1. Out of the trypsin sites (Lys or Arg not before Pro) in region 53-114, which ones are loop residues according to DSSP with at most 13 other C-beta atoms within 10 Å?
2. Assuming R0 = 35 Å, what is the FRET efficiency of LEU214 and ARG47, from their Cβ-Cβ distance, to the nearest 0.05?
3. Quickly work out the ARG14-to-PHE207 label distance, labels modelled 7 Å from Cα along the C-beta direction, and quote it in nm with one decimal.
4. With θ taken as phi - 60° and the coefficients 6.51, -1.76 and 1.60, list the Karplus ³J(HN,Hα) couplings across region 17-26 in order, rounded to whole Hz; mark glycine and proline as x.
5. In Å³ and rounded to a whole number, note down the convex hull volume per residue for the Cα atoms of region 118-271.
6. Can you give the extra length, in nm with one decimal, that the chain gains between LEU270 and ALA151 once fully stretched, where that is 0.36 nm per residue apart less the Cα-Cα distance?
7. Probe radius 1.4 Å, ligands and nucleic acids ignored: give me the carbon and sulfur share of the accessible area of the chain as a rounded percent.
8. If I take R0 = 25 Å and measure r between the Cβ atoms of ALA234 and LEU254 in this structure, what FRET efficiency does the formula 1/(1 + (r/R0)^6) give, to the nearest 0.05?
Amino acid sequence: MKYVLAGASGFLGRSLARDLAADDHDVIRLVRRTPSGPGELQWDPARGELDLAAIADADVLVNLAGANIGRPWTPTYRKTLRESRVTTTATLANAAAQLERRPALLTQSGVGGYGLDCGNEILTEDSPLGDGFLADVVRVWEGSLEPARAAGCRVAALRTGVVLARKAPAFQLLTLPFRLGLGGRFGSGKQYFPVVSLTDWLRAVRFVAEHETLSGPVNVTLPVPATNAEVAQAIGTAMHRPALIPVPAALMRLVLGEFAWELLGSNRALP
C-alpha cells in the first residue's frame, strides 16, 4: 500500500514510517521544507497547498501533525495547538476529496475529547464529546475531515491515550518526577488514565488503515482501563524507582495550568 504521512518528523510519525517500511509499504513523508530525498513531498498546510498529482495513487493519508500538548496553554499556544491540527487535517481532507481515486484518511485525535473529568463513566466511540479546551479542539479537528467524508472517502479519527514508549514526549513528561526520585500518582490517583503501548498503537493504525469497514472515531487505549495510581506503580517498577510520593493536584495546576486537568481528570475509555 502507499501511505502519505503528515507529521512524519514527530515521534509517532517516525515510528509509523519505520514500521510500514519494514513491511515494504511505500511511504511518502510530507515536509514543509525543500525535500531532501525521493520519499519526501513538500506541502504548505497553512495555505492549504499539496501537490495532488504526487499523491494521486495513495491508498491511505495519515495526519499525525500537531504541536506538543504537554506545556502551559497560554492564549497564543492554544491557537497553535488548534491550528496545527486543524489546518493539516483540512488540507489533507480537501486534497482527498479532489482525487479521482479516493484514499482512506486517518487523523490522530485524543480521548481528551470526551471531557475533563468523566469519573467512572465508560467511554466508547458512541459517547458524546465533552467540555473543555481539548474537547473543543477534538471537535473542530475531527470536523475538519468532513470534505473527505462528503466526497466518499473513508475517514477515521484515532482517539489515542498516552502512548507509552521511552522516547515518546508524553511519556517523558510522565516519567520526569520518577527520574528525579519524586515519582508517584497524580492527585488522588483514583482517576482512570488511558494509555497504550507504542506497539499496540502501531498495530491499531495499521488495522484501521487496512480494514475498509472501520470509520469514524476509534478509541486507541488499553482494553482494561488503568487508574493513574496503577500506571504510576507500573512506571516506577519499570524504571526501578519508588512510586511513593504523590504529586499534589494544586502543584500540578500551578506548574501546568489548565493542562493539569487533563492529567487529573478521569477518562475510562474503552477501545
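1. ARG101
2. Efficiency, from the Cβ-Cβ distance: 0.65.
3. 2.7
4. 4, 5, 5, 5, 5, 5, 9, 6, 6, 8
5. Hull volume over Cα atoms, normalised by residue count, gives 117 Å³.
6. Values: separation 119, 0.36 × 119 = 42.84 nm, distance 2.98 nm.
Length difference between fully extended and current span is 39.9 nm.
7. Carbon plus sulfur share of accessible area: 55 percent.
8. Plugging the Cβ-Cβ distance into 1/(1 + (r/R0)^6) gives 0.40.
The values are calculated or read from the model by the stated rules, or taken from the named source; none is laboratory data. What you see is a predicted model, and the numbers here were worked out from it, not measured in a lab. Counting neighbours? That spans all protein chains shown, and the Cβs are built from the backbone with ideal geometry, glycine included. Heavy atoms of the whole protein, side chains included, go into the accessibility calculation; ligands, DNA and RNA do not. Shrake-Rupley method; radii C 1.70, N 1.55, O 1.52, S 1.80 Å.
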